[in-house]
Amino acid sequence: MIPIVYYLALAVILFFLGVLGVLLRKNAIVVFMSLELMFNAANLVIITFTNHFKLLDGQALVIFIMTTAAAEVAIGLALMVMIFRVKGSVDIDQMNKLKG
Amino acid sequence: MSASLVVFLILAVLAVAAAIAMLLSDNTIYSALFLIMNFVAIAVIYLTLGAPFVALAQITVYAGAIMVLFLFVIMMLGAEKFGEKEPLKWQRPVAIVLGIGLIGEGVYALLSRVGTQMLSNPATEALADPKALGMLLYGKYTLPFEITSIILLAAAIGAVVLTRGGKREVKQ
């Protein structure tokens with residue numbers, strides 16, 4: 001079978017592409033999608049090791065991570081809608097009310 | 001080159017290409033659709049790793065529910081395109097260089113430290129059994145399961161309270 005390091009390398013690449021998305025994009029919704037990409041990379045690592053060590057516990061952990069991510073997205077998008085109502089935009093550069 | 005390696009390479013290229021396209025596309029809707037493509041590719045990788053329940057949960061929860069929520073919000077707020085005015089001009093090239101450097105460093109560290117001796121197992125039936133996973137979720141992990149249900153409830157209530165509208169944002 002395939003060496004697990006290939007799966008881990010794919011997860012690393014996806015995770016850092018998510019980091020790049022957070023650093024580069026100005027649209028807060030795309031930044032959120034990049035966060036989902038990073039969650040996904042973490043899940044891929046867990047599933048890879050679940051497979052390697054033949055333990056089912058990792059799959060249960062991934063289910064919990066998915067539900068938590070769903071909760072996070074619900075709250076985050078509600079915040080986006082709220083920010084859009086107040087500011088009329090979800091441009092990250094305009095969210096500077098807290099700047100001292 | 002074995003068949004499973006070919007399958008993995010195709011899926012990996014698909015996932016990475018979809019992620020890059022998500023980062024580069026100007027239209028937010030296209031970004032969301034590329035992310036769905038990435039999620040489906042990862043779900044098929046889960047299938048090849050012997051986790052069919054997680055793969056299908058990935059497709060229904062991530063590619064289904066979460067991305068539909070994203071698309072809903074994008075369409076409600078309008079598919080936004082921002083101008084190219086950048087307050088910090090130097091930030092973008094520096095971010096690209098540092099991000100690609102991080103990718104190279106991470107992959108190098110993995111390949112040099114982990115090595116290629118550890119192999120993945122074929123997707124056997126014992127590993128893939130959804131019944132065993134259910135017994136685990138409702139047996140050993142009952143308490144975390146209940147806690148996630150409370151987290152979900154709190155998130156649902158929080159989303160409703162945050163977007164309630166009415167008098168609160170008139171004050172702003």
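Below, the figures for the structure above:
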item: Verdict on residue A:98 being farther than 17 Å from residue B:161 by Cα and not in a helix (DSSP H, G or I); result: yes
item: Residue A:14 being under 11 Å from the mean Cα position of the chain (by Cα), surrounded by 18 or more Cβ atoms within 10 Å (Cβ to Cβ) and closer than 20 Å to residue B:109 by Cβ; result: yes
item: Qualifying residue in segment B:138-159 (condition: at pLDDT 80 or above, in contact with a helix residue (DSSP H, G or I) (Cβ under 6 Å, 6 or more places away or on another chain), within 20 Å of residue B:44 (Cα to Cα) and part of a helix (DSSP H, G or I)); result: no
item: Residues that are under 17 Å from residue B:17 (Cα atoms) and within 7 Å of chain B (Cβ to nearest Cβ), drawn from segment A:9-23; result: A:9, A:10, A:12, A:13, A:14, A:16, A:17, A:19, A:20, A:21
item: Selection from segment B:106-116 of residues that are more than 8 Å from chain A (Cβ to nearest Cβ) and either farther than 16 Å from residue A:16 by Cα or in contact with a helix residue (DSSP H, G or I) (Cβ under 9 Å, 6 or more places away or on another chain) (or both); result: B:109, B:112, B:113
item: From A:95, A:33, A:66, A:82, residue being farther than 17 Å from residue B:38 by Cα, within 7 Å of chain B (Cβ to nearest Cβ) and among the aliphatic types (A, V, I, L, M); result: A:82
item: Matching option when the condition is within 7 Å of another protein chain (Cβ to nearest Cβ), within 27 Å of residue A:56 (Cβ to Cβ), touching a Leu at 6+ places or on another chain (Cβ under 9 Å) and of a type in the set (A, V, I, L, M, F, W, C), among B:69, B:49, B:5, B:119; result: B:49
item: Single residue of B:120, B:4, B:112 found to be under 17 Å from residue A:4 (Cβ atoms), crowded, with 19+ Cβ neighbours inside 10 Å and more than 19 Å from the chain's Cα centre (by Cα); result: B:120
item: Yes/no for residue A:73 being without any contact (Cβ under 8 Å) to a residue 60 or more places away in the chain and under 20 Å from the mean Cα position of the chain (by Cα); result: yes
item: Top-ranked residue of segment B:1-32 - restricted to ones that are out of contact with any helix residue (DSSP H, G or I) (no Cβ under 6 Å at 6 or more places or on another chain) and assigned to a loop (DSSP other than H, G, I, E, B), ranked as nearest to residue B:47 (Cα to Cα); result: B:2
item: Condition check for residue B:87: at the interface with chain A (Cβ under 8 Å from one of its Cβ atoms), surrounded by fewer than 16 Cβ atoms within 10 Å (Cβ to Cβ), more than 23 Å from the chain's Cα centre (by Cα) and modelled with pLDDT under 90; result: yes
item: Selected residue [out of contact with any Asp or Glu (no Cβ under 6 Å at 6 or more places or on another chain) and surrounded by fewer than 17 Cβ atoms within 10 Å (Cβ to Cβ)] from A:96, A:43, A:51; result: A:96
item: Unmet requirement for residue B:89, which otherwise passes all of (1) without any contact (Cβ under 8 Å) to a residue 60 or more places away in the chain; (2) under 29 Å from residue A:4 (Cβ atoms); (3) not β-branched (Val, Ile, Thr); result: (2)
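The values are calculated or read from the model by the stated rules, or taken from the named source; none is laboratory data. Here the structure is a predicted model, which means the values were calculated and not measured. Please note: Cβ atoms are built from the backbone with ideal geometry, for glycine as well, and neighbour counts cover all protein chains shown.
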